[in-house]
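*Asks:* Here it is, the structure in full.
Derivation of every value follows stated rules applied to the coordinates shown; laboratory data play no part. Here the structure is a predicted model, which is why all the values come from computation and not from measurement. Quick reminder, even Gly has a Cβ in these numbers, built from the backbone with ideal geometry, and neighbours come from all protein chains shown.
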Amino acid sequence: MSHANAALTVRHRLKVARLVVDQGVPISEVAARFQVSWPTVKRWASRYAAGEPMTDRSSRPRSMPAKTSVATTKRIVSLRLRKRLGPVQLAAHVGVAPSTAHRVLVRCRLNRLSHVDRATGEPVRRYEHERPGDLLHVDVKKLGNIPDGGGWRFVGRPEGLRNRAATRGVARNRYHQPKLGHAFVHTVIDDHSRVAYAEVHDNETAATATAVLRRAVAWYAARGITARRVLSDNGSAYRSHLWRDVCAELGIKTSRTRPYRPQTNGKIERFHRTLADGWGYARCYTSEAERRDALAGWLHEYNHHRPHTACENKPPITRLTNLSGQYS
């Protein structure tokens with residue numbers, strides 16, 4: 001590949017050189033024909049005669065006395081992974097300029113702390129299955145129920161407590177304080193396409209989780225996705241015999257994450273954050289029923305219209321081909 005300001009492409013350089021060397025055309029005539037200077041023609045003709053390629057030579061100098069040593073580079077990387085230090089702190093430890101430390105981090109693709117796993121300090125290793133349905137991530141997101149009139153996040157704690165106490169059917173804890181309970185959002189997301197499915201329930205039992213899985217598999221099948229494997233954490237619902245039997249009945253292989261390693265199921269953990277920001281706490285809901293009714297609309301927006309960075313800034317549904325109503 002020639003550089004951006006090159007007057008001749010590699011193919012035309014070869015033409016120029018052959019005219020001069022093989023056909024004996026004068027350099028000045030060839031220069032006028034191709035609208036370049038005669039030193040340019042002479043340079044490529046000389047390289048052709050010497051058997052050299054017509055591509056640009058490397059601009060790297062033969063020697064680099066000030067180059068950062070391998071030992072220094074290894075020490076910067078080691079400190080970055082173990083202590084999560086920034087370029088200024090790394091420079092102080094290693095004895096180099098902050099710009100040098102930053103350049104090493106960029107070259108090693110460690111310039112962002114988000115690229116380093118918080119639990120292990122190792123570089124994040126990302127994966128993506130080749131086909132839709134090869135892996136479904138499942139999990140449960142627990143949210144506090146919203147009292148009638150609005151929760152404390154939007155109306156403030158005093159008003160939120162009054163709304164909680166005034167909500168009908170609210171139980172009380174051992175200290176006689178109103179206890180609303182929780183909403184359990186059972187979520188399923190396809191690893192390849194990021195197309196998501198979710199339902200809200202009042203519990204996270206094995207019976208509920210398996211019923212959600214059955215409906216999710218049918219929902220994905222209607223969109224051309226055949227579920228082959230499912231990945232879950234080590235919750236009691238996913239360790240139950242009922243979960244194992246239902247997955248076997250559906251022809252799905254089960255897998256569970258390593259204990260205390262939620263990063264393995266990171267795609268659905270990240271989806272939960274998007275879910276909470278975009279739906280769960282996106283606006284002031286006046287009741288829990290109102291929030292649950294809004295879930296279907298938000299899911300449609302997420303799957304069909306919201307750009308996803310993992311899908312080249314396109315909606316997840318675009319990764320499913322020949323789908324009826326794909327862009328509706």
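*Asks:* Among V96, H129, Q35, which residue has its Cα positioned farthest towards the positive end of the charge dipole of the chain, with +1 placed on the Cβ of Lys and Arg, -1 on the Cβ of Asp and Glu, and the dipole taken about the Cα centre?
*Replies:* Value computed over the given set: V96.
*Asks:* Right, here's the next one. Please work out how much length the chain gains when fully extended from Q35 to A248, using 0.36 nm per residue of separation minus the C-alpha to C-alpha distance, in nm with one decimal.
*Replies:* Once the chain is fully extended between Q35 and A248, it gains 69.4 nm.
*Asks:* Sorting check: for 190-196, 147-153, which peptide has the highest mean count of neighbouring beta carbons within 10 Å, and how do the rest follow?
*Replies:* 190-196, 147-153
*Asks:* How tilted is helix 70-83 with respect to the longest principal axis of the chain? Cα atoms for both, answer in degrees (0 to 90, nearest 10).
*Replies:* Tilt of helix 70-83: around 10 degrees.
*Asks:* Continuing with this model, one more query. Need one word for the stretch 10-49: rounded, prolate or oblate. Basis is the Cα gyration tensor (sqrt eigenvalues a ≥ b ≥ c); a/c below 1.5 gives rounded, then a/b vs b/c decides.
*Replies:* Rounded.
*Asks:* If you don't mind, another one. For every other residue with a beta carbon closer than 15 angstrom to the beta carbon of R18, add +1 if it is Lys or Arg and -1 if Asp or Glu, then tell me the sum.
*Replies:* Residues near R18 contribute +4 overall.
*Asks:* As an exercise, use a Förster radius of 45 Å and the Cβ-Cβ distance of C108 and A296 to find the FRET efficiency, rounded to the nearest 0.05.
*Replies:* It comes out at approximately 0.50.
*Asks:* For every helix of n ≥ 4 consecutive DSSP H residues, a contribution of -39,500 (n - 2.57) applies; sum these over the chain, divide by its total residues, and give [θ] at 222 nm rounded to the nearest 500 deg cm²/dmol. List each step's numbers first, then the result.
*Replies:* Working: 14 runs with 133 residues, N = 328.
Dividing the helical sum by the residues of the chain leaves -11500 deg cm²/dmol.
*Asks:* Give me the number: length gained by fully extending D134 to A218, i.e. 0.36 nm times residue separation minus the C-alpha to C-alpha distance, one decimal in nm.
*Replies:* Extra length available between D134 and A218 comes to 28.7 nm.
*Asks:* Provide the FRET efficiency to the nearest 0.05 for the R84-A7 pair, computing r from the beta carbons and using R0 = 45 Å.
*Replies:* Working: r = 49 Å, r/R0 = 1.08.
Rounded to the nearest 0.05, the efficiency is 0.40.
*Asks:* Shifting gears a bit: Considering only DSSP beta bridges where both residues belong to the chain, give the percentage that are antiparallel (nearest 5).
*Replies:* Counting DSSP beta bridges with both partners in the chain, the antiparallel share is about 75 percent.
*Asks:* Just to be sure I follow the definition: excluding the sites themselves, where is the longest run in the chain that has none of the GluC sites (Glu not before Pro) in a DSSP loop with at most 14 other Cβ atoms within 10 Å?
*Replies:* 131-311
*Asks:* Next question. I'd like the Karplus ³J(HN,Hα) series for the stretch 104-113: coefficients 6.51, -1.76, 1.60, θ = phi - 60°, whole numbers in Hz, and an x wherever there's a Gly or Pro.
*Replies:* The phi angles translate into 5, 5, 5, 5, 8, 6, 10, 6, 10, 5 Hz.
*Asks:* List, in order, the whole-Hz ³J(HN,Hα) value for each residue of the stretch 306-311 obtained from phi through the Karplus relation with A = 6.51, B = -1.76, C = 1.60 and θ = phi - 60°; use x for Gly and Pro.
*Replies:* These are the phi-based 3J(HN,Hα) values: 7, x, 10, 5, 6, 10 Hz.
*Asks:* Expressed as an acute angle from 0 to 90° and rounded to the nearest 10, what is the orientation of the C-alpha long axis of helix 157-166 relative to the principal long axis of the chain?
*Replies:* Helix 157-166 sits at roughly 40 degrees to that axis.
*Asks:* For T257, what is the net charge nearby, where nearby means another residue's Cβ is under 11 Å from its Cβ and Lys, Arg count +1, Asp, Glu -1?
*Replies:* Net of charged neighbours comes to 0.
*Asks:* Just flag the chymotrypsin sites (Phe, Trp or Tyr not before Pro) in the stretch 195-289 sitting in loop per DSSP whose Cβ has no more than 11 other Cβ atoms within 10 Å.
*Replies:* Here the chymotrypsin sites (Phe, Trp or Tyr not before Pro) that fit, given the DSSP loop and packing criteria, are Y260.
*Asks:* Across the stretch 47-61, in residue order, what do the Karplus-derived ³J(HN,Hα) couplings come to in whole Hz, using 6.51 cos²θ - 1.76 cosθ + 1.60 with θ = phi - 60° and x for Gly and Pro?
*Replies:* 5, 5, 5, 7, x, 8, x, 8, 7, 5, 6, 5, 8, 5, x
*Asks:* Tell me whether the stretch 70-115 comes out rounded, prolate or oblate; compute the Cα gyration tensor, take square roots of the eigenvalues as a ≥ b ≥ c, and use a/c under 1.5 as the rounded threshold.
*Replies:* rounded
*Asks:* Determine the sum of side-chain charges near R223: Lys and Arg each +1, Asp and Glu each -1, restricted to other residues whose C-beta is under 14 angstrom from that of R223.
*Replies:* Local charge sum for R223: +3.
*Asks:* Which of these values of P(r) over Cα pairs in 20 Å bins from 0, in percent was calculated from the structure shown: [x] 31, 62, 7, 0; [y] 27, 44, 21, 6, 1, 0; [z] 22, 34, 28, 13, 3, 0?
*Replies:* Recomputing P(r) over Cα pairs in 20 Å bins from 0, in percent here picks out [z].
*Asks:* With labels modelled as points extended 7 Å from the Cα through the Cβ direction, what inter-label distance (nm, one decimal) is found for T55 paired with R162?
*Replies:* 7.5 nm
*Asks:* Looking at Y260, W243, A310, which one has the Cα that reaches farthest to the positive end of the dipole of the chain (charges on Cβ: Lys, Arg +1; Asp, Glu -1)?
*Replies:* Y260
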